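What follows is a short report on a single structure.
The values are calculated or read from the model by the stated rules, or taken from the named source; none is laboratory data. In this text, all values refer to a predicted model and were calculated from it rather than measured experimentally. As a convention, Cβ positions derive from the backbone with ideal geometry for all residues, glycine included, and neighbour counts pool all protein chains shown. Side chains included, ligands, DNA and RNA excluded: accessible areas come from the protein's heavy atoms. Shrake-Rupley method; radii C 1.70, N 1.55, O 1.52, S 1.80 Å.
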Amino acid sequence: MMLHIFDTSDYERSLRRRRLAGFGLLAVGLTGLVCYLLLIHDSDVLPAFARGFYLGGSSGIAIGSVFLLVRMQYLLTHPATRKKAKIQEQDEREKAILNQSYQFAGMFTFFAAACSMFVLVAVSMEAALAVLGVVAVYAVVWLIANLYLSKKL
């Protein structure tokens with residue numbers, strides 16, 4: 001789906017799809033804020049850090065989506081800027097840097113999570129199992145992506 005959204009063969013269409021994704025993110029952020037205000041704000045059901053997570057996470061998603069929406073709308077209404085952005089996105093060097101950055105970030109996250117499990121087992125088995133679940137999901141997603149891309153490319 002993300003490859004379909006960020007396909008740059010028709011750049012203007014891709015920008016419109018990204019704008020729709022921005023509206024989707026805005027809906028997620030606003031839903032989190034509404035849940036915080038109506039369900040969580042003054043209740044003692046969740047500890048303070050969990051309430052802060054709802055407020056901070058949903059606010060961050062909403063603010064990030066507004067930046068995305070403003071950027072996409074700006075690119076859609078300014079052809080010269082859109083042309084520069086398209087050239088930059090399609091630059092092979094930029095693509096290589098982006099792909100290597102994702103690869104390094106994924107490897108670092110995977111090994112950092114694996115290392116943290118050694119500490120977490122001694123502290124909290126539930127936390128260690130949660131990190132193990134994240135590592136397992138990462139490995140399964142990598143395997144599925146690898147199989148999919150080997151067939152597609």
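For the range 80-153, the ratio of Cα radius of gyration to the globular rule of thumb 2.2 N^0.38 Å stands at 1.58. Computed with a 1.4 Å probe over protein heavy atoms only, the accessible surface of the chain comes to 75 Å² per residue.
Could you give me D for the chain, from Stokes-Einstein at 20 °C and 1.002 mPa s, where the hydrodynamic radius is the Kirkwood radius over C-alpha pairs? Units µm² s⁻¹, please.
After rounding, the answer is 113 µm²/s.
The accessible surface of the range 15-153, taken with every protein chain in place and a 1.4 Å probe, is 73 percent carbon and sulfur. Charges were assigned to the Cβ only: +1 to each Lys and Arg, -1 to each Asp and Glu. The resulting dipole of the range 89-153 about its Cα centre is roughly 220 debye. Projecting the Cα atoms of L33, L75, P47 onto the dipole axis of the range 1-140, where Lys and Arg carry +1 and Asp and Glu carry -1 at the beta carbon, places L75 farthest toward the positive end.
Please list V135, V123 from largest to smallest accessible area, probe radius 1.4 Å, with all protein chains kept in place.
Values: V135 20, V123 115 Å².
Per-residue accessible area, sorted high to low, gives V123, V135.
Per-residue accessible area (protein heavy atoms, 1.4 Å probe) orders L76, L46, L30 as L30, L46, L76, starting from the largest. Taken about its Cα centre, the chain carries a charge dipole of about 740 debye when Lys and Arg each add +1 at the Cβ and Asp and Glu each add -1 at the Cβ.
When M72, M107 are compared by accessible area of protein heavy atoms, the largest-first order is M107, M72, using a 1.4 Å probe. Every helix of 4 or more DSSP H residues in the chain counts as -39500 (n - 2.57), and over all residues that averages to -30000 deg cm²/dmol at 222 nm.
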